[in-house]
Amino acid sequence: MTYILKPKVRHPGLPTNALGLTARDYEGAMSTLCAGCGHDSVTAAVIQAVFELDLPPHRVAKLSGIGCSSKTPTYFLGQAHGFNAVHGRMPAIAAGASAANRDLIYLGVSGDGDSLSIGLGHLCHAIRRNVRMLYLIENNGVYGLTKGQFSASADVGTRSKRGEENRQEPIDPIHLALTLGVSFAARGFSGDKVHLVPILKAALQHDGFALVDVISPCVAFNDHVGSTKSYLHTREHAQLAVLADFIPPAAEITASVEPGGVRSVTMHDGSTIQFRQVPDGYDPTNRESVENYVRERQRAGEVAMGLLYVEPGSVEMNENLGTVDRPLCELPYEELCPGSARLEEIQLQYR
Amino acid sequence: MRPTDVSDPQYYHRVVDCQWGCPAHTNVPEYIRLVAQGRFTEAYLLNRKSNVFPGILGRTCDRPCEPACRRTRLDGEPVAICRLKRVAADLRDDELMRAHLPQIPEAKNGKRILCIGAGSASLTVANDLLPLGYEVTIYEKLARAGGLMWNNIPQFRLPPRVLDEEIGMILDMGVDLRSNHPVESLASVLDEGWDAIFIGSGAPRGKELDLPGRHDTDRIHIGIDWLQSIAFGHIDSIEPRVLVIGVGNTAMDCCRSAKRLGATDVKVMARRSRPHFKASPWELEDAEEELVEVIENYSPRRFIVEDGVLTGMEFDIVEWYEQDGRSRSRTLDTVTIPCDAVIVAIGQEAAFPWIEKDIGIELDRWGNPVVDRTTFQTTRDGVFVGGDAAWGPENIIWAVEHGHQAAISIDRYCQSQPLDDRPAYGMNLVSQKMGMHEWSYGNDYDAAQRARMTHVGLEERLATLEVEVELGFDAKQTLREAARCLNCDVQTDFTDELCIECDACVDVCPVNCLTIAPDGEEDEVRLNLTAPALNSDQALFASGPLPQTARLMLKDEDLCIHCGLCAERCPTAAWDMGKFDLLIPYAGLLPGHDHTPRGPALPILNPTVPTLVSSAAGGAA
Ligand SMILES: Cc1cc2nc3c(=O)[nH]c(=O)nc-3n(C[C@H](O)[C@H](O)[C@H](O)COP(=O)(O)OP(=O)(O)OC[C@H]3O[C@@H](n4cnc5c(N)ncnc54)[C@H](O)[C@@H]3O)c2cc1C
Ligand SMILES: Cc1ncc(C[n+]2csc(CCOP(=O)(O)OP(=O)(O)O)c2C)c(N)n1
Ligand code: SF4
Ligand code: SF4
Ligand code: SF4
Ligand SMILES: [Mg+2]
């Protein structure tokens, strides 16, 4: 919380993007989260990513559930559409919104509690449907908003602020999503924007459900010694396995390709993801290889980070179901509601 | 990069652009806050401590602080620092202020000092030495003390009342002023046995324009002499058509004075184009507001005098171009401009016909004494020079700073201490945190544009010489303008060990000052910040290695608006906002110390403020 708002004055040398906007034009209201919350850094990374992608703010729809993490859409893209869903129901709302208007860019923000506890079922179905969206889980291992109870992502052995130990197995959203056939999976850290921003950019351009799990420490309830989701613990155990650059369609590819299984993946809009560094024998387009790797790291007490998996030929929900191309709001009324005579005809088919 | 040493007072001093830019290092943001709180007397005293003449300077200062002001780099226009100083001078409680002037000891220390010339430099020397028990005598050529401040700066810019008050404050400390006492031989003055001599005789000689016809008429005047004759009341009119040659500040005072003495058609003739004009932009603006015509690229050729009567002046119309990296002119045409009088204002210089060559004072090839830049001493021990006399014409605030430095030297000389060993600056840094999100200063950014000064109407002001043109700021303008100040003295104060590298400060900073990045060479690091730090006049702060990753916290000081948001968003209070106070050494005083005030520390009398004078202003008690 802060009393003054972030003043509108800006650095006169701030770069502008293709729309003539600066990164500051993508900001939203002033954050009311605790000072130092990882979620605020993720907000800053989102702002940087949408700025760099030249996204028109009014073509973005922000969706979220309930939690500190779910409050964050208020703090970026003040000129975008927004929907704050009931706890855990954001994936369902997103699927519905996408069906009604496939032209908007969907950006969902959720928490580990919102997605992995109460909303787990909805998340699974959105993955399965391959709804075209960026789905961010700001993962801090606790229910921050309700004062720090363990969430479903809390590791075995991690301790709460009051010293209690968690004994239940965690749900790793990356594992879960890979099992459910997710078409894009990545993990980042709020304290490392250098690697988070390109992941977010690739995810926003992905033609399907892009799950990005971001370790985002809760300074108020889960940043103490004994926590496995603190800033320090994350820094000590994060294994930045897969380094990837996101390269927009027209840009020249300059990143040097290191030997050892490095490759590029072209996305549906012509942009490419260039993998700069992957572990030996790792194939970011092979689901089994990725699943094995992530599990292996987890057994070693490490957290695998980076743009872990991408399915090049991903077919998103609307394409797959052959729904109408145009957004419902743009259809002429006669087409949207063809009248009772046409209804009669349809009903006759079922007699 | 090496971790920044913020214990060096000059580091934070440099962040306070205005204070750094002020030759006397006036604590600008502190007095602006005092003015905004209605604590005018304290604001006045704080000013007086460093610049000695707040009322005079609040109207006439060359204000090097303003082009330096950080606000310019953000919204194009500096805070009206100078005019806020005038507010403090205008609205101070005089009785209260006087109670806080230094006490002059009755028992003298036995050292007798002579100042030559009673201008701003000498008066500052007297101001600094009298409270220490020195006896100070001033020999002044003219009938009054004040130098160019009274005999050249016109009354419509600087009312005599203001001048008399502030000069009087110093004379009343016990100066032995000998007016109408020109020094004609330094050797004989040396024989009088002074313990030290300060030469503050200014640069009193106006430059000549030796063109054909110059001496064939009495209608051609030298600017500074002409202005002096007005001040003495020897001149009270001028012919209708006047040409002023030159386009510096003296020329501006000449053309504006001519307008008031009856001239109807006044032209300022410039050899070059506007970007090369020496006059301060605001002085030029004021002259043009008074319908003075400014003509560019006219180079004077000769005066036209027919039967002993000046009828005009001949000029080459020139065009400037670059050749071999130098600016050259070519003549396009030659024209005659009719006129009845000409005022030549093309510069001034010091002149020392009265310094003998064989008294141990080395003179340079122009006949000026060689003066040490730090000690202000000549090559003869115990003889010092300052103000315009030292290195040619500058301005009042430089003369004041020279006076302070020379006073330090004179004191050290008289106490047999080495002159080169200058007393060190000190600093205080005090946290301004008042609560969770509360600071002792207004930390929000006010987007207001610079307040415009209200001027007296043209007709009224041109009717006489005495009407002061600027009305000063009213309460509303004062508050609005004070709120534009960015409080650059409230510094971001970082503690390496506390940082958990959460990025909160980096993300919230509205002007992208902060970056957490790996170490590197400064040139390289500067280009890879959140926003590139291209202004190398401003420092790049670097912390030591941070606890978690050994990266550095970097801060480009260039555009910080001192909003304190970094400190508010920091979960561990690794950032704090600390008010920096530069402790400036003055003659015989340790940095941060003050002379004993004359009267008791009275409660402030300004009705708006219930505080005690001695509480905050540093310079007050
Ligand atoms: C027209 C004009 C306008 C100006 N306007 C401004 C302005 O707006 N703001 C600003 O900051 N500066 C201004 N200046 C410059 C400023 O006035 C000077 O830089 C400043 O006054 C220098 O102070 P000083 O003490 O060195 O010398 P001066 O003020 O020149 O004082 C020197 C004194 O020494 C006396 N003296 C000289 N020779 C002898 C001698 N042999 N024996 C005894 N006494 C002697 C002189 O009579 C004079 O009183 C202006 C200058 C001019 C000419
Ligand atoms: C239906 C319902 N059940 C419970 C709650 C209480 N509740 C609010 S936020 C929250 C957990 C949020 O945790 P997470 O998604 O991890 O967000 P964080 O605050 O940690 O970012 C819970 C259980 C609620 N608001 N609605
Ligand atoms: S409670 Fe935790 S998650 Fe919520 S705002 Fe505070 S630090 Fe962030
Ligand atoms: S005070 Fe802090 S947040 Fe504000 S401009 Fe300066 S560095 Fe940035
Ligand atoms: S907000 Fe504080 S703890 Fe966080 S990075 Fe900045 S200085 Fe470090
Ligand atoms: Mg959580």
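Go through the residues of region B:130-139 one by one and say whether even a single one is under 18 Å from B:Gln228 (Cβ atoms) and either in contact with a helix residue (DSSP H, G or I) (Cβ under 9 Å, 6 or more places away or on another chain) or not in a loop (DSSP other than H, G, I, E, B) (or both). No - not one qualifying residue is present in region B:130-139. Residues in region B:586-606 that are modelled with pLDDT under 80 and crowded, with 16+ Cβ neighbours inside 10 Å: B:Leu602, B:Ile604, B:Asn606. Looking only at region A:30-54, residues that are away from ligand 5 (no atom under 16 Å from the Cβ), in a loop (DSSP other than H, G, I, E, B) and either within 16 Å of the chain's Cα centre (by Cα) or facing chain B (nearest Cβ under 9 Å) (or both) come to 1 in all. Annotation note: of B:Trp150, B:Trp194, the sole residue that is among the aromatic types (Phe, Trp, Tyr) and closer than 22 Å to B:Leu227 by Cβ is B:Trp150. From the list A:Asp325, A:Asp269, pick out the single residue that is modelled with pLDDT under 90 and under 28 Å from A:Pro248 (Cα atoms). The conditions single out A:Asp269. Condition (residue is charged (D, E, K, R), within 14 Å of another protein chain (Cβ to nearest Cβ) and more than 16 Å from ligand 1 (Cβ to nearest atom)) applied to region A:137-149: is it met by at least one residue? For region A:137-149, residues charged (D, E, K, R), within 14 Å of another protein chain (Cβ to nearest Cβ) and more than 16 Å from ligand 1 (Cβ to nearest atom): present. For region B:460-482, the criterion of being basic (Lys, Arg), within 30 Å of B:Ala574 (Cβ to Cβ) and either more than 24 Å from the chain's Cα centre (by Cα) or modelled with pLDDT of 95 or more (or both) is met by none of the residues. Identification of strands (runs of 3 or more DSSP E) wholly contained in region A:75-143 with 3 or more residues that are under 24 Å from A:Ser227 (Cβ atoms) yields A:105-111, A:133-139. Within region B:534-543, the presence of at least one residue that is at pLDDT below 95, farther than 30 Å from B:Asp286 by Cβ and facing chain A (nearest Cβ under 9 Å) is confirmed.
Output yes when any residue across region B:553-570 is surrounded by fewer than 18 Cβ atoms within 10 Å (Cβ to Cβ), within 13 Å of another protein chain (Cβ to nearest Cβ) and among the aliphatic types (A, V, I, L, M), and no when none is. There is no residue in region B:553-570 that is surrounded by fewer than 18 Cβ atoms within 10 Å (Cβ to Cβ), within 13 Å of another protein chain (Cβ to nearest Cβ) and among the aliphatic types (A, V, I, L, M).
Within region B:441-480, no residue satisfies the criterion of being over 30 Å from B:Ala567 (Cβ atoms), open to solvent by 70 Å² or more (accessible area, probe 1.4 Å) and either of a type in the set (Val, Ile, Thr) or within 14 Å of chain A (Cβ to nearest Cβ) (or both).
Conditions tested, residue by residue: (1) within 23 Å of B:His221 (Cα to Cα); (2) of a type in the set (Val, Ile, Thr).
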{"site": "B:Arg301", "(1), (2)": "yes, no"}
{"site": "B:Trp320", "(1), (2)": "no, no"}
{"site": "B:Arg330", "(1), (2)": "no, no"}
{"site": "B:Val335", "(1), (2)": "yes, yes"}
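Looking across A:Asp103, A:Asp155, A:Asp112, one residue alone is closer than 25 Å to A:Ala35 by Cβ and either open to solvent by 20 Å² or more (accessible area, probe 1.4 Å) or more than 16 Å from ligand 5 (Cβ to nearest atom) (or both). It is A:Asp112.
Listed by position, the strands (runs of 3 or more DSSP E) inside region B:172-274 whose residues that are in contact with a helix residue (DSSP H, G or I) (Cβ under 6 Å, 6 or more places away or on another chain) and among the hydrophobic types (A, V, I, L, M, F, W, C) number at least 2 are B:196-199, B:241-245, B:265-269. For region B:491-500, filtered to residues that are crowded, with 20+ Cβ neighbours inside 10 Å and within 14 Å of chain A (Cβ to nearest Cβ), the residue that is nearest to ligand 6 (Cβ to nearest atom) is B:Ile500.
One line per residue, one yes/no per condition, for (1) in contact with a Cys (Cβ under 7 Å, 6 or more places away or on another chain); (2) within 16 Å of ligand 1 (Cβ to nearest atom); (3) within 14 Å of another protein chain (Cβ to nearest Cβ); (4) touching a residue at least 12 places away in the same chain (Cβ under 8 Å):
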position: A:His11; (1), (2), (3), (4): no, no, yes, no
position: A:Thr16; (1), (2), (3), (4): no, no, yes, no
position: A:Gly28; (1), (2), (3), (4): no, no, yes, yes
position: A:Thr72; (1), (2), (3), (4): no, no, yes, yes
position: A:Tyr75; (1), (2), (3), (4): no, no, yes, yes
position: A:Tyr106; (1), (2), (3), (4): no, no, no, yes
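Scanning region A:111-140 for residues that are of a type outside the set (Val, Ile, Thr), farther than 25 Å from A:Gly313 by Cβ and out of contact with any Pro (no Cβ under 8 Å at 6 or more places or on another chain) yields A:Gly111, A:Gly113, A:Asp114, A:Ser117, A:Leu120, A:Gly121, A:Glu138. Is it the case, given these coordinates, that A:Val131 is over 22 Å from A:Glu311 (Cβ atoms), open to solvent by less than 10 Å² (accessible area, probe 1.4 Å), at pLDDT 95 or above and more than 9 Å from ligand 2 (Cβ to nearest atom)? Criteria not met by A:Val131.
Reported count of residues in region A:289-345, each being out of contact with any helix residue (DSSP H, G or I) (no Cβ under 7 Å at 6 or more places or on another chain) and among the β-branched types (Val, Ile, Thr), is 3. Is there a residue in region B:354-371 that is touching a strand residue (DSSP E or B) at 6+ places or on another chain (Cβ under 6 Å), over 30 Å from B:Asp420 (Cα atoms) and not small (Gly, Ala, Ser)? No, there is no match, as no residue in region B:354-371 is touching a strand residue (DSSP E or B) at 6+ places or on another chain (Cβ under 6 Å), over 30 Å from B:Asp420 (Cα atoms) and not small (Gly, Ala, Ser).
Filtering region B:317-345 to residues that are open to solvent by 70 Å² or more (accessible area, probe 1.4 Å) and hydrophobic (A, V, I, L, M, F, W, C) leaves only B:Leu332.
Just to be sure, is B:Val79 within 28 Å of B:Gly202 (Cβ to Cβ), open to solvent by less than 10 Å² (accessible area, probe 1.4 Å) and at pLDDT 95 or above? In short, no. Restricting attention to region B:174-197 and to residues that are surrounded by 12 or more Cβ atoms within 10 Å (Cβ to Cβ) and within 10 Å of ligand 1 (Cβ to nearest atom), the residue that is farthest from the other protein chains (Cβ to nearest Cβ) turns out to be B:Ser185. Would you check if B:Leu57 is surrounded by fewer than 24 Cβ atoms within 10 Å (Cβ to Cβ) and not in a loop (DSSP other than H, G, I, E, B)? When the stated conditions are applied, B:Leu57 does not pass them. Within 14 Å of another protein chain (Cβ to nearest Cβ) and open to solvent by 40 Å² or more (accessible area, probe 1.4 Å): is that true of A:Pro7 in this structure? It is false that A:Pro7 is within 14 Å of another protein chain (Cβ to nearest Cβ) and open to solvent by 40 Å² or more (accessible area, probe 1.4 Å).
The values are calculated or read from the model by the stated rules, or taken from the named source; none is laboratory data. All values reported here derive from a predicted model rather than from experimental measurement. Every residue, glycine among them, receives a Cβ derived from its backbone with ideal geometry; neighbour counts consider all protein chains shown. In case anyone asks, the SASA skips ligands and DNA or RNA and just uses the protein heavy atoms, side chains included. Shrake-Rupley method; radii C 1.70, N 1.55, O 1.52, S 1.80 Å.
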